[in-house]
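I have placed the structure first, in the form of structure tokens, so that the comments after it can refer back to it.
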Amino acid sequence: MKRTLTALTLMATAALAFAGAEVGKPAPDFTATDIHGKTHKLSDYKGRIVVLEAYNLDCPYCAHHFKTGAMQELQAELAEQGVVWLLVNSTNPKNPSYRTPEKAKKEWDAQKIKATAWLDDSSGTIGRAYGMKTTPHMFVIAKDGTLAYDGAIDDNPQASGDPRKARNYVREAVTKLLSGERPTVTQTKPYGCGVKYGG
């Protein structure tokens with residue numbers, strides 16, 4: 001009986017470890033290094049809205065948003081409003097899609113990325129803490145540090161068409177938060193390619 005309870009406890013602990021962040025609750029804090037070697041701690045951005053973007057340009061869905069320029073436009077638009085936008089790349093170093101800091105810097109420049117920083121999460125620590133499932137998978141954190149939105153970038157789960165014409169949940173959530181309101185849509189099903197946590 002004792003062994004069974006121990007096994008159940010271990011299973012429950014493992015489930016919680018991969019459960020991900022919960023809307024309305026404090027967003028999991030983290031410390032990470034960006035591709036330029038700068039350290040970023042989520043708690044340092046308290047008082048500002050933060051957007052997390054699960055990123056992997058090798059994914060057609062993610063690439064579509066960048067190749068059309070729609071993602072960079074949104075990054076720049078929200079940055080002008082004081083929003084912190086962090087790209088989170090959780091690709092395992094053994095995966096072909098992994099980017100060394102040198103390659104990441106070249107990709108940043110080539111894509112004209114307008115985010116605040118590209119975080120190297122090759123350990124998968126941030127991705128697992130938030131339950132990042134796909135690229136892209138978006139999270140919006142309110143000024144008080146609580147998770148306000150978790151899900152898809154928009155309502156068009158396709159790697160085609162103009163993303164600008166879709167309903168953008170991230171823009172909506174940020175707009176609501178900036179006006180002191182709670183987002184109308186707080187959770188949707190993310191779409192895209194699976195995050196490459198494995199080798």
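Quick check: is even one residue across the stretch 109-122 among the aliphatic types (A, V, I, L, M), out of contact with any helix residue (DSSP H, G or I) (no Cβ under 9 Å at 6 or more places or on another chain) and under 16 Å from Ile49 (Cβ atoms)?
yes
Pro93 versus (1) out of contact with any Ser or Thr (no Cβ under 6 Å at 6 or more places or on another chain); (2) at pLDDT 95 or above; (3) not polar (S, T, N, Q): which is the lone unmet condition?
(1)
It is to be established whether one or more residues within the stretch 133-140 are more than 16 Å from Tyr61 (Cβ to Cβ) and aromatic (Phe, Trp, Tyr).
Yes: the stretch 133-140 contains one or more residues that are more than 16 Å from Tyr61 (Cβ to Cβ) and aromatic (Phe, Trp, Tyr).
When only residues in the stretch 7-33 that are modelled with pLDDT under 95 and polar (S, T, N, Q) count, which is nearest to Met132 (Cα to Cα)?
Thr13
The values are calculated or read from the model by the stated rules, or taken from the named source; none is laboratory data. Since we're looking at a predicted model, the values are computed, not measured. Here the Cβ is made from the backbone with ideal geometry for all residues, glycine too, and neighbour counts use every protein chain on show.
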